[in-house]
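All remarks here apply to the structure that follows.
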Amino acid sequence: MTSIAHDAACIFCKIIKGEIPSFKLIETQHSFSFLDIQPTAENHILIIPKYHGGKLHNIPDEFLADLLPVTKKLVKAIGCDQDGPDGPGYNILQNNGRIAHQEVDHVHFHLIPKKTKESGLIVGWPAQETDFAKLGQLHQELLAKLET
Ligand code: 5GP
Ligand code: ZN
């Protein structure tokens, strides 16, 4: 089993250890989930690996593999599991780095119900015009990197 990385100064590591109280929901061998203390909507939940790492690429696969099944259970628990495009929705958000709006440097997934335009996640999406030539070039460059 992978050793569990811990940072004594990290607020989310303290929550996992119970040194700081939280409104805990599901806990597994690899994950811990709890209510966000400053929710953007009712039932805004954080799901975190029980492994200290600042960004997604720092987290071992076995911890990452546990996070989405836990998230799925929570989606059902908060009644956001209606099928089809209409009705209540939800966003899964995972920020990496200050410029990407990360404030707590322990990887966390936000589960954010989206029931109204005003609550939950509000997204800016600076989409560019489709440029197939540029995309084709980029695709070749990425495939070359993935091969190495
Ligand atoms: P980020 O901007 O890093 O993606 O999100 C950090 C989240 O952690 C914020 O939504 C914030 O409300 C939440 N948060 C920060 N400190 C605490 C805490 O001590 N307890 C809980 N439950 N949530 C926290
Ligand atoms: Zn931590």
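Quick notes
- For Asp36: the one exception among (1) among the acidic types (Asp, Glu); (2) within 14 Å of ligand 2 (Cβ to nearest atom); (3) under 14 Å from the mean Cα position of the chain (by Cα): (2)
- Residue within segment 64-74 that is hydroxyl-bearing (Ser, Thr, Tyr), within 16 Å of ligand 2 (Cβ to nearest atom) and at pLDDT 95 or above present: no
- Here is the figure for segment 54-92: residues that are of a type in the set (Asp, Glu) and under 13 Å from the mean Cα position of the chain (by Cα) total 1.
- Summed over segment 1-33, residues that are more than 13 Å from ligand 2 (Cβ to nearest atom), at pLDDT below 95 and not hydroxyl-bearing (Ser, Thr, Tyr) total 1.
- Leading residue by the ranking (nearest to ligand 1 (Cβ to nearest atom)) among those in segment 1-32 that are over 22 Å from Gln102 (Cβ atoms) and among the hydroxyl-bearing types (Ser, Thr, Tyr): Thr28
- Candidates in segment 116-148 are the residues that are of a type in the set (Gly, Ala, Ser) and in a loop (DSSP other than H, G, I, E, B); of these, the one that is farthest from Glu42 (Cα to Cα) is Ala127.
- Taking the criterion of being among the hydrophobic types (A, V, I, L, M, F, W, C), surrounded by fewer than 17 Cβ atoms within 10 Å (Cβ to Cβ) and farther than 24 Å from Gly87 by Cβ, the residues of segment 98-135 that qualify are Ile99, Ala100, Val104, Ala127, Phe132, Ala133, Leu135.
- Against the criterion of being within 15 Å of Ala5 (Cβ to Cβ), modelled with pLDDT of 95 or more and out of contact with any helix residue (DSSP H, G or I) (no Cβ under 8 Å at 6 or more places or on another chain), Glu42 does not qualify.
The values are calculated or read from the model by the stated rules, or taken from the named source; none is laboratory data. Bear in mind the structure is a predicted one, so any value in this text is a computation, not a measurement. In this analysis, Cβ positions are derived from the backbone assuming ideal geometry, glycine residues included, and neighbour counts consider all displayed protein chains.
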